[in-house]
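The values are calculated or read from the model by the stated rules, or taken from the named source; none is laboratory data. For clarity, every value in this text was computed on a predicted model and none was experimentally measured. FYI the Cβ positions are ideal-geometry reconstructions off the backbone, even for glycines, and counts take in every protein chain you see. Surface areas here come from the heavy atoms of the whole protein model, side chains and all, with no ligands, DNA or RNA. Shrake-Rupley method; radii C 1.70, N 1.55, O 1.52, S 1.80 Å.
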Amino acid sequence: MAGGWAMLPILICSAVALAIVLERCWTLRRKSVLPPGLGDEVRTWARSGQLDPAHLATLESGSPLGELLASALAVRNRPRELIKERIEDTGRHVVHNMERYLNTLGTIALIGPLLGLLGTVIGLIRMFLDVMKGGVGDPMKMAGGIGEALICTATGLVVAIPAYVLHRYFRSRVAGYCVEMEKQATALLDELTVTAPVTPRPRRTVAATEQSAG
């Protein structure tokens with residue numbers, strides 16, 4: 001209340017930022033994004049042919065990595081380039097889901113100090129208008145008014161600094177997950193597109209050719 005009405009949007013931003021941080025901490029847990037051993041298990045399924053639609057549906061809904069690998073298995077009989085294209089398309093969708101709400105968190109980190117500065121400026125303007133009407137009066141009262149106006153700036157920084165740090169942290173975590181998922185997808189792609197070696201045909205000798213022609 002000492003900071004004035006500008007404290008209200010700052011407090012709303014802090015509540016939204018806290019909700020986003022808690023939700024992303026839960027969603028971006030490593031075991032929920034990259035279940036241990038899932039890549040090896042899926043490659044085993046591909047070798048053994050355990051790829052019925054129900055199996056793929058369960059894999060796709062289990063985790064982001066499972067969704068990426070299931071997209072490759074769904075078109076496993078296609079050429080390598082088409083499988084790779086499907087993986088890339090699904091990968092963009094998976095990354096978008098992992099980065100959900102992070103733009104909002106970055107926006108809060110950006111506007112937090114601006115809202116605090118706005119509240120401070122408005123408070124100082126109101127204080128100087130009071131001075132113009134009633135004179136300087138008590139200097140201690142004026143100093144107290146300045147202190148109250150600066151509360152908005154301090155609160156905005158308290159909200160913005162953790163929001164910015166956590167925004168960068170979640171971005172780096174998503175980037176690390178993308179590298180791991182790309183490795184697993186490449187390994188599965190190699191598993192699906194392995195071709196048997198071509199046995200060279202024996203060359204016919206000139207004498208055998210002439211004899212068959214005769």
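Residue by residue, here is whether (1) closer than 15 Å to residue 177 by Cβ; (2) out of contact with any Ser or Thr (no Cβ under 7 Å at 6 or more places or on another chain); (3) β-branched (Val, Ile, Thr) holds:
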position: 57; (1), (2), (3): no, yes, no
position: 70; (1), (2), (3): no, yes, no
position: 80; (1), (2), (3): no, no, no
position: 95; (1), (2), (3): yes, yes, yes
position: 106; (1), (2), (3): no, yes, no
position: 111; (1), (2), (3): no, yes, yes
Output for region 72-93, where each listed residue is more than 16 Å from residue 193 (Cα to Cα) and either at pLDDT below 90 or not hydroxyl-bearing (Ser, Thr, Tyr) (or both)
88, 89, 91, 92, 93
Where a residue in region 146-167 is among the small types (Gly, Ala, Ser) and its partner, wherever it lies, is modelled with pLDDT of 95 or more and open to solvent by 50 Å² or more (accessible area, probe 1.4 Å), with Cβ under 6 Å and at least six apart
none
Please work out if residue 133 is part of a helix (DSSP H, G or I) and either modelled with pLDDT under 80 or open to solvent by less than 40 Å² (accessible area, probe 1.4 Å) (or both).
yes
Looking at region 33-54, which of its residues are in a helix (DSSP H, G or I) and at pLDDT 90 or above?
33
Looking at 107, 58, can you tell me which residue is at pLDDT below 90, open to solvent by 40 Å² or more (accessible area, probe 1.4 Å) and on the phi < 0 side of the Ramachandran plot?
58
Within region 81-104, can you find the residues that are in contact with a Leu (Cβ under 7 Å, 6 or more places away or on another chain) and surrounded by fewer than 18 Cβ atoms within 10 Å (Cβ to Cβ)?
84
Looking only at region 35-72, count every residue that is touching a residue at least 40 places away in the same chain (Cβ under 8 Å) and more than 25 Å from residue 175 (Cβ to Cβ) and tell me the total.
2
If we keep just the residues of region 146-171 that are open to solvent by less than 40 Å² (accessible area, probe 1.4 Å) and over 18 Å from residue 115 (Cβ atoms), which is modelled with the lowest pLDDT?
147
Looking at 115, 69, can you tell me which residue is in contact with a Leu (Cβ under 9 Å, 6 or more places away or on another chain) and either assigned to a helix (DSSP H, G or I) or at pLDDT 85 or above (or both)?
69
Is it true that residue 29 is under 26 Å from the mean Cα position of the chain (by Cα) and loosely packed, with under 13 Cβ neighbours inside 10 Å?
yes
